[in-house]
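A short reminder: the numbers here are calculations on the coordinates, not readings from a lab. Keep in mind that this is a model prediction, so the values were computed, not measured. Because the Cβ atoms are built from the backbone with ideal geometry, glycine has one as well, and the counts that use them run over all protein chains shown.
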Amino acid sequence: MKSFSLGKFFRISLFLIGILFLVIIFSLISYYSIDTVQKKNNLMDIEEYSPISSLVVESNPLKKSKFPFIDVHSHHWNMPVKDLSDLASEMDSLNMAYLINLSGSGFAVFSGNKSLMDLNLKKSIENVNSNFPKRFGVFVNIDLSRIDHPEFKSTTLKTLENAKKYGAIGLKIYKNLGLNVYDDDENRIRVNDERLNFIWQKCAEYNFPVLIHSGEPKPFFDPINKNNERWLHARQKPNSFRPSEKYPSFNEVMTEQYEMFKNNPKTTFINAHFGWYANDLKKLSMQLDELPNVYVEFGAVINELGRQPFTARKFFIEYQDRILFGKDIYNKEEYYIYFQVLETSDEYIQYFRKRHGLWRLYGLNLPDSVLKKVYYKNALKIFPSIDSNFFK
């Protein structure tokens with residue numbers, strides 16, 4: 001009986017191995033056939049298509065800005081233990097005089113552990129002060145998910161008080177506010193929630209600029225189909241998108257942010273990413289005209305500005321006193337495109353990330369007087385602790 005069972009087991013095993021072999025062979029044949037047909041008919045995926053332009057025009061790639069600049073939007077999560085010497089050396093090569101780390105409280109802000117947040121902030125600033133005290137600024141962060149906790153106000157005020165004592169120079173609000181932070185009743189916490197007003201008021205008292213990232217680019221809220229110009233982004237980073245069944249609309253979030261700005265006129269706000277209106281500068285112009293306490297920075301939206309060089313250049317000149325330099329994710333080589341778009345009149349510049357838009361960029365050729373304001377003068381107005389000697 002035992003030998004019979006083993007024999008049956010081996011026959012079944014051989015049968016299954018044979019089936020698996022046939023499946024593999026069939027898959028290889030299918031793949032080869034499809035690949036052959038695609039090549040024969042010049043079919044390819046949009047991610048594969050990378051044409052080399054035959055356009056012959058002047059090109060002036062830049063690896064260093066014309067004037068020293070302040071980057072008000074950067075993230076360095078490991079700053080408490082980071083060796084800042086290499087970063088400072090890269091900054092020198094770019095002509096970056098000063099960098100602001102918005103993630104001063106580190107990943108601890110997402111844990112809800114106030115002690116870890118305070119420790120991360122304190123150690124970040126100590127690292128800066130011990131090594132490059134004139135080159136870096138640090139922002140504090142706040143956990144907003146405990147908004148209904150009885151001690152939320154007192155602990156938040158203590159966080160801000162400690163931040164000022166340690167030497168932080170501002171507050172960064174992450175994009176989860178208005179999108180997916182909920183109170184104890186499972187209601188979405190709106191950007192303009194009155195329960196947060198004490199935070200903005202305290203920042204005004206401390207002269208803490210508040211850099212806030214609300215929402216996402218508008219196409220991230222739109223249906224993902226052939227008409228969505230960020231379709232490739234949706235394919236590569238699907239979690240970036242905000243379907244209507246789970247999230248508020250783009251207009252709803254932006255309206256909440258606008259009302260929060262308007263209701264707190266004594267607080268200086270830096271609207272990150274041009275408030276996601278880099279593709280609608282007329283709308284952004286209207287808001288800046290109505291909100292004298294708001295600045296904008298263009299981290300991660302240089303691709304939007306560079307595809308509309310005439311409109312963007314006009315905007316930069318008209319609002320030259322309200323625009324700050326921001327990059328967002330730190331990558332030395334990616335700054336080069338920012339310099340080229342801001343400083344040159346180059347045409348058909350290839351951006352470094354295809355999913356951010358299947359288009360080319362054009363230089364704005366900004367006047368030196370405007371460049372100086374965007375690169376450093378405007379930032380010096382709202383961050384008086386930065387050493388102005390770097391820019392003489």
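Summary of computed values
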item	result
Two-site FRET efficiency, E186 against S50, from Cβ-Cβ distance with R₀ of 41 Å, rounded to 0.05	0.35
Sum of side-chain charges, W77 neighbourhood, beta-carbon under 15 Å (Lys, Arg +1; Asp, Glu -1)	+1
31 Å Cα-Cα threshold exceeded, pairs from K246/K282; K175/K314; K314/K354; K122/K266; K123/K327; K164/K372	none
Dipole axis of region 286-368 (+1 Lys, Arg; -1 Asp, Glu on Cβ), positive-most option in Y295, L324, I349	I349
Charge tally in the Cβ shell below 12 Å around D368, where Lys, Arg are +1 and Asp, Glu are -1, D368 excluded	+3
Two-site FRET efficiency, K66 against F310, from Cβ-Cβ distance with R₀ of 25 Å, rounded to 0.05	0.75
Neighbour-count ranking [beta-carbon atoms within 10 angstrom, fewest first] of V181, V81	V81, V181
Loop GluC sites (Glu not before Pro), region 186-243, which have at most 16 other Cβ atoms in a 10 Å radius of their Cβ (DSSP)	E186, E229
Lys/Arg +1, Asp/Glu -1 at C-beta; the chain dipole; positive extreme among I337, V181, G275	I337
The chain: angle of helix 114-131 to the longest principal axis, Cα-based, in degrees nearest 10	70 degrees
Among I212, I199, I19, residue whose mean-square fluctuation peaks in a GNM of the chain (springs only between Cα atoms under 10 Å)	I19
Sites matching trypsin sites (Lys or Arg not before Pro) across region 195-255 that sit in DSSP coil, with at most 11 neighbouring C-beta atoms within 10 Å	K226, K246
Structure-derived volume of the Cα convex hull per residue in Å³: which label, when the choices are (1) 127; (2) 221; (3) 184	(2)
Computed [θ] at 222 nm, helices only, for the chain once each DSSP H run of length n ≥ 4 contributes -39500 (n - 2.57)	-12500 deg cm²/dmol
Loop-located GluC sites (Glu not before Pro) in region 53-147, at most 10 other Cβ atoms within 10 Å (DSSP)	E58
Local electrostatic count, L62, Cβ distance below 10 Å [Lys/Arg +1, Asp/Glu -1]	+1
Relative contact order %, region 164-244, counting alpha carbon pairs below 8 Å whose residues are six or more apart	30 percent
Simple Cβ-charge dipole of the chain, Lys/Arg +1 and Asp/Glu -1, about Cα centre, in debye nearest 20	660 debye
